[in-house]
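Right, one structure below, let's go through it.
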Amino acid sequence: MAWDEWGQLKAEAVGASSPRTQLNRVPDEPDGKTLSTNRQGDLKVVNEHLAKIGDHAFGLYNRLWREARVAAAATDSAASDLSGQGFDLGGALGRVSVRWESALADLMDACAHISNHMDYTKNAHAGDEIFIERRMSGIATLDAGFDERASEPGKPNEVYGEKDGKGGKKGGE
């Protein structure tokens, strides 16, 4: 490519009418502010959606098992019949059948992987939710211990226990 041509292409790319690629940012809002289009703020995983995806992948796997394998068996039979009659087409059809079997196996493996992964993801997110819930409830208990507003005004916070009058807790604690 000549330098003149390169310079011309750069000038065209800078022009206002050329399409541009925008990377590493959210598109501008109509009012000029750059905001996320996600109004909820965080990734939300809905178990029903995961289950539906997994069910569809499992259903496709079963259909491939029932229907696509039958076509492969018929192709193998036709290939050997044609080869037995001396047609070169029989060998070509046999190679097509081998490729079909390989592609079918790959597709069935992918369907099984998706189905299994959706089950795993659903269970993993459920476990994450329980973990977060436990952590959050522990933080709430901890906050109650440090928050002086946890007791009525003028009374000591019950979380700390009773004081013995010398500044310490009763019972030598």
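In this rough spin-label picture, where each label sits 7 Å from Cα along the Cβ direction, the TRP3-ALA126 distance is 6.8 nm.
A 1.4 Å probe, protein heavy atoms only, puts the accessible area of HIS117 near 80 Å².
What order do VAL96, VAL46 take when sorted by accessible area (1.4 Å probe), most exposed first? Each step should come with its number before you reach the end.
Working: VAL96 85, VAL46 40 Å².
Descending order: VAL96, VAL46.
Looking at region 38-132, which chymotrypsin sites (Phe, Trp or Tyr not before Pro) are DSSP coil and have at most 13 other C-beta atoms within 10 Å of their C-beta? Please list the in-between numbers first.
Working: sites: PHE58, TYR61, TRP65, PHE87, TRP100, TYR120, PHE131; in loops: PHE87.
Answer by residue number: PHE87.
Extending 7 Å from the Cα toward the beta-carbon at both ALA103 and ASP88 defines two label points whose distance is 2.3 nm. Taking θ as phi - 60° and the Karplus parameters 6.51, -1.76 and 1.60, the scalar couplings of region 114-123 work out to 4, 4, 5, 5, 5, 4, 4, 4, 4, 5 Hz in sequence order, x denoting glycine and proline.
The values are calculated or read from the model by the stated rules, or taken from the named source; none is laboratory data. Here the structure is a predicted model, which means the values were calculated and not measured. Counting neighbours? That spans all protein chains shown, and the Cβs are built from the backbone with ideal geometry, glycine included. Heavy atoms of the whole protein, side chains included, go into the accessibility calculation; ligands, DNA and RNA do not. Shrake-Rupley method; radii C 1.70, N 1.55, O 1.52, S 1.80 Å.
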